[in-house]
Amino acid sequence: MKRFIWLIISVLAIAFVACDEPTPEVLAEPQLEVTASNIAGEWQLTEWKGEPLAEGSYVYIAFDRRERTYTLYQNLDSFSTRTLTGSFFIETDPELGAVIRGNYDYDRGDWAHRYCVISLTANEMVWVHLDNVVDQSVYTRTTIPAEIKGE
């Protein structure tokens, strides 16, 4: 009986030690501070609420760090590309961390939601809707195709 108890204790100890080791993915992609400089560039929404976008649907966003502006290209609510522009703001909340919000040009108002940026690496960023944690958006760094930009 003592051997059986020691066997269980040993297995549990190994399991707890194994949980503390970082995964190779964590080591490969260092986290960046959420700043306008680090999010500057072009991104594609590759996953929303745990699922990839429907085939043929797209959302691209380009952030300009100097002007603190963005250009959003999407076809989620139209048959062709719809372009939205505006300004973005990054704030640091003591409890939540980096929070991104924005507004639209031409007096269209503020974004409907604010998002907590829970992960930012050189190639991926993850946003979580502050009012609905199930609403998670994964963006992958990319080059926006010229035909999407209308070039």
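Among the numbered conditions (1) modelled with pLDDT of 95 or more; (2) small (Gly, Ala, Ser); (3) over 19 Å from SER119 (Cα atoms), the only one that GLY56 does not meet is (1). Please tell me if GLU91 is within 18 Å of the chain's Cα centre (by Cα), over 13 Å from TYR139 (Cα atoms) and acidic (Asp, Glu). Judged against the criteria, GLU91 is a match. Quickly run through the range 80-124 and pick out the residues that are under 18 Å from ILE144 (Cα atoms) and in a loop (DSSP other than H, G, I, E, B). Matches in the range 80-124: SER80, THR81, ALA122, ASN123. No other residue among TYR139, TYR73, TYR115, TYR58 is of a type outside the set (Lys, Arg) and touching a helix residue (DSSP H, G or I) at 6+ places or on another chain (Cβ under 6 Å) apart from TYR73.
Conditions (1) farther than 19 Å from PHE89 by Cα; (2) of a type in the set (S, T, N, Q), marked per residue:
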position	(1), (2)
GLU29	yes, no
GLU33	no, no
GLU42	no, no
TYR60	no, no
PHE63	no, no
ARG66	no, no
THR71	no, yes
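Please tell me if THR143 is β-branched (Val, Ile, Thr), more than 27 Å from PRO30 (Cα to Cα) and over 13 Å from the mean Cα position of the chain (by Cα). For THR143, the condition - β-branched (Val, Ile, Thr), more than 27 Å from PRO30 (Cα to Cα) and over 13 Å from the mean Cα position of the chain (by Cα) - is not met.
Here THR81, THR121, THR92 are screened, and the one residue that is among the polar types (S, T, N, Q) and in contact with a Phe, Trp or Tyr (Cβ under 7 Å, 6 or more places away or on another chain) is THR81.
Applying the condition of being under 19 Å from GLU42 (Cβ atoms) and free of Cβ contacts under 8 Å to residues at least 24 places away in the same chain to the range 112-141 and asking which residue is surrounded by the fewest Cβ atoms within 10 Å (Cβ to Cβ) yields VAL126. Checking each residue in the range 21-48 for being in a loop (DSSP other than H, G, I, E, B), modelled with pLDDT under 95 and touching a strand residue (DSSP E or B) at 6+ places or on another chain (Cβ under 9 Å) picks out only GLU29. Looking across the range 54-101 at every residue that is of a type in the set (Gly, Ala, Ser), in contact (Cβ under 8 Å) with a residue 60 or more places away in the chain and on the phi < 0 side of the Ramachandran plot, the one that is surrounded by the most Cβ atoms within 10 Å (Cβ to Cβ) is identified as ALA98.
The values are calculated or read from the model by the stated rules, or taken from the named source; none is laboratory data. Computed from a predicted model, the values in this text were never measured in an experiment. Positions of Cβ are backbone-derived with ideal geometry, glycine not excepted, and every protein chain shown enters the neighbour counts.
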